[in-house]
Structure formats: structure tokens, C-alpha cells
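Right, one structure below, let's go through it.
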Amino acid sequence: EGKESILKRIYYEGHSIGLHTYSHNFKKIYRSSNEFIDEMIKTSNKVQEITGYAPKIIRFPGGSSKRLNAVTLENLHKKKFRVYDWNVDARDGINPNLSVSQLINNSKIIRGNENTAIILMHCNSNNRNTVKSLHEIIKYYLHSGYEFKAITEDTPEYYYKFRN
């Protein structure tokens, strides 16, 4: 609420829009699978009301680990939602006061044996050094042979393994 002009700008500049819940209230959204899905539907509808586009890309607050299961995934897929976790964490969500060099070093660690890096970063007013570190992080990945792409609904899902 109150950030509609920013959302419109993001959309009209051609960036991907993902859903991260409406409330970000962990107790509410993780009370049940239905609560989580309802929150994503509400968020998608609000984005559509503002931009005309209903996004289906999801990132679980805190990640899907221990929250995603086969039933929830099936129910998300029925609603055409797709889940994206990360395998690189700058750790700025946990500590917004990390130095630029710490952020750069953290962003070079890819979990698992992956040839795709999905990097989690929190670029907001609380994380000033994250923005300052971006140039070096991008340069590192480009020099390592990676290319940058926006996540779209055609991007293969990436979520943490779960037990049924």
C-alpha cells in the first residue's frame, strides 16, 4: 500500500514482478497452505489491479524450506503459481549492516553443485551497502561466464527439496 507508483515503474520498465505475500506476517501466512495461497492470490490480484498484469512468480518469505510440501506445491501449481528459492545469499536480510566486502564475498558462495545462481539480495533503504556492492557482484558473475536473466513464468522452478 502506498507504493503503487513504484510498482507501476517496475512493471513499465520491463522488470519481472514476483509475489512475496501481502502482509509478510509469518504467523498468518504459514498457519496453513490455504492461508499462504490465499495471500498470494490477494497479492497477485492487487498487482493486477495496479498494472494490468497478474504475476505468478513466488518467493516464500524466509524461503520454502520446511514450508513447502507436495500438497502445497500441487495446490500452487493448480493456481499457475511457480516457486523460486535461491542458492546464493548475500546475508543482508539477516544483517543489513554488512560491509560491501562481506556482501561481495557472501554473494560468491553458490550452495550445491549448480550452474545457475539465483541470488537473494535485499536492495532497500535499510541495506545501503547492498546497492554499493552490486557492481562488483555483477562483474564477478559476468567474468565467471554467467549471464543475467529476469525470472519469468517460463523459468524452470527452483525450490528446496522437501519431504512428502
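Based on C-alpha pairs under 8 angstrom that are at least 6 apart in sequence, region 1-138 has a relative contact order of 18 percent. The label-point distance for residue 123 and residue 150, in a model that sets each label 7 Å from Cα toward Cβ, rounds to 1.3 nm. Considering helices alone, the calculated mean residue ellipticity of the chain at 222 nm is -11500 deg cm²/dmol, with DSSP H runs of length four and up weighted by -39500 (n - 2.57) and normalised per residue.
Couplings 3J(HN,Hα) for region 63-70, derived from phi with the Karplus relation 6.51 cos²θ - 1.76 cosθ + 1.60 (θ = phi - 60°), are x, 7, 3, 6, 10, 9, 9, 4 Hz, where x marks Gly and Pro.
Loop-located chymotrypsin sites (Phe, Trp or Tyr not before Pro) across region 62-159 with a Cβ neighbour count of 10 or fewer within 10 Å are 148, with loop assigned by DSSP. Candidate cross-link partners of residue 27 among the lysines, defined by an alpha-carbon separation under 30 Å and a same-chain spacing of 8 or more, comprise 3, 8, 42, 46, 56, 66, 78, 79, 80, 161.
Tell me, what is the percent relative contact order of region 57-118, built from C-alpha pairs under 8 Å that lie six or more residues apart?
Values: 46 pairs, mean separation 21.7, N = 62.
Reported as a whole number, the value is 35 percent.
Cross-link partners of residue 28 among aspartates and glutamates, defined as those whose alpha carbon lies under 15 angstrom from its own and excluding same-chain residues fewer than eight positions apart: 38, 39. In the set (1) -0.71, -1.02, -1.37; (2) -0.70, -1.07, -1.54; (3) -0.60, -0.94, -1.66, the label that goes with log10 I(q)/I(0) by the Debye sum over Cα atoms at q = 0.13, 0.16, 0.21 Å⁻¹ computed for this structure is (2). Sequence-distant contacts, meaning Cα pairs under 8 Å at least 6 residues apart, place the relative contact order of region 14-54 at 34 percent. For residue 92, nonlocal amide neighbours, meaning residues 5 or more places apart or on other chains whose placed amide H falls under 5 Å from its own, are 122. Taking amide H as placed 1.01 Å from N in the peptide plane, residue 19 has its amide H under 5 Å from the amide H of 57, 58, 59, each at least 5 places away in sequence or on another chain. Judged by the ratio a/c of the largest to the smallest principal axis of the C-alpha gyration tensor, region 107-164 counts as prolate, that ratio being 1.5 or greater while a/b is larger than b/c. Shown here for region 43-149: GluC sites (Glu not before Pro) in loop regions (DSSP other than H, G, I, E, B) with at most 10 other Cβ atoms within 10 Å, namely 147.
Computed from the coordinates by the stated procedures, all read-outs in this text should not be read as laboratory data. Values in this document were obtained by computation on a predicted structure and should not be read as measured data. Methodologically, a virtual Cβ is constructed for each residue, glycine included, from the backbone with ideal geometry; neighbour enumeration extends over all protein chains shown.
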